[in-house]
Amino acid sequence: MVQKLSFKLQITTLPTPAQGPENPRTQRIGRTGRWRRKARAYSRPCSFFLLFFSESALSVPPLPTPAVTLNRHAIWRGFQQLLPISLFVAVFGLAFGLAAVQTGLGGSAIVLMSALVFTGAAQFATLDLWGAQVPLVPLAVTVFAINARHLLMGATLYPWLRHLPPVQRYAVMLVASDANWALSIQALGQNDTNRGLGLLLGGGLALWLFWIVGTWLGLYMGNAIADPVRWGLDMVMGCFLLTMVVDGRKDRRLVAIWAMAAGASLLAWRYLPENSHVVVGAIAGGLLGAFWPEENAA
């Protein structure tokens, strides 16, 4: 038995052709052959993708995909939860409808703008640029600057929305606004995915519908409340978002992030171009949150 075992060990320690000395010409031919085989594989599109993804799969293990779906019951609950603030949104829609009529726009074009654009601040800003000849480039730049915060909103929602089918993902983002985004992020942060996505889509649909209805009413009865600022209605959204901060989870990290965002927004509002303070504040708070991990917040 010992002899057999020692014989096997001797066999395994013998130099193999790959380990032993090799003719340089044979080695060069072998390398060339391997590269030719690999080049032929990469020259065919199907083989290229198979080889690329197989090598990637060997180096990086696949991550599990969480089950993320849109629940009808959660969407309806989100719709109901955003109804109170949607009433104030309708008032601003009414004011926009009146202002748009005074610029000479037709009723159908005004309602269509509210349905497709769905952003009050940008729509009011476009009325200042509207005329016989519309400057398209300044108009596009203005709308993009005002709505640049949606880039950050989409980035914060991506970890959950990326698991939805593309049609559902983009449909949800079409009705994303400040109010339903804030409530959704709060619910998603508590690992309540169904409620968070329901608030995002259902609440967004409520805000969108009331914005359109308010715009339509403004075409005919906008004189009843021509200036919402006079009644303090411009503070409704700010107070709503402030309650989200006060009612949410509080620790040193979150308080510092909100303080950083508020301070940067005030400085940007004072010294930078108009409507840039929202993006500047969001980036400043986000950077502080990125460099201050949650485990070190206590």
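Normalised by 2.2 N^0.38 Å, where N is the number of residues, the C-alpha radius of gyration of the range 129-200 stands at 1.38.
Taking the number of Cβ atoms within 10 Å of each Cβ as an exposure proxy, the fewest-first ranking of TRP208, TRP130 is TRP130, TRP208.
Compared with the alpha-carbon gap, the fully stretched path from VAL141 to LEU287 is longer by 50.0 nm at 0.36 nm per residue.
Using θ = phi - 60° in the Karplus curve 6.51 cos²θ - 1.76 cosθ + 1.60, the 3J(HN,Hα) couplings for the range 198-211 round to x, 5, 5, 7, x, x, x, 5, 5, 4, 5, 5, 5, 5 Hz; x is entered for Gly and Pro. This ranking places SER114, SER184, SER265, SER108 by how few other beta-carbon atoms lie within 10 Å of each, fewest first, which gives SER108, SER265, SER114, SER184. For TRP130 and LEU266, a Förster radius of 25 Å and the Cβ-Cβ distance give a FRET efficiency of 0.20, rounded to the nearest 0.05. Each residue of the range 68-77 was assigned a 3J(HN,Hα) from its phi angle through the Karplus curve 6.51 cos²θ - 1.76 cosθ + 1.60 (θ = phi - 60°); the sequence is 10, 9, 9, 8, 4, 5, 5, 5, 5, 5 Hz, with glycine and proline shown as x.
Among ARG270, ARG252, ARG77, a tally of other beta-carbon atoms within 10 Å of each Cβ gives an order, fewest to most, of ARG270, ARG252, ARG77.
None of the figures in this text is laboratory data; all of them are computed from the coordinates on show. Note that the coordinates shown come from a computational prediction; the quantities given were computed from them, not determined experimentally. Don't worry about glycine lacking a Cβ; one is built from the backbone with ideal geometry, like all the others, and counts go over all protein chains shown.
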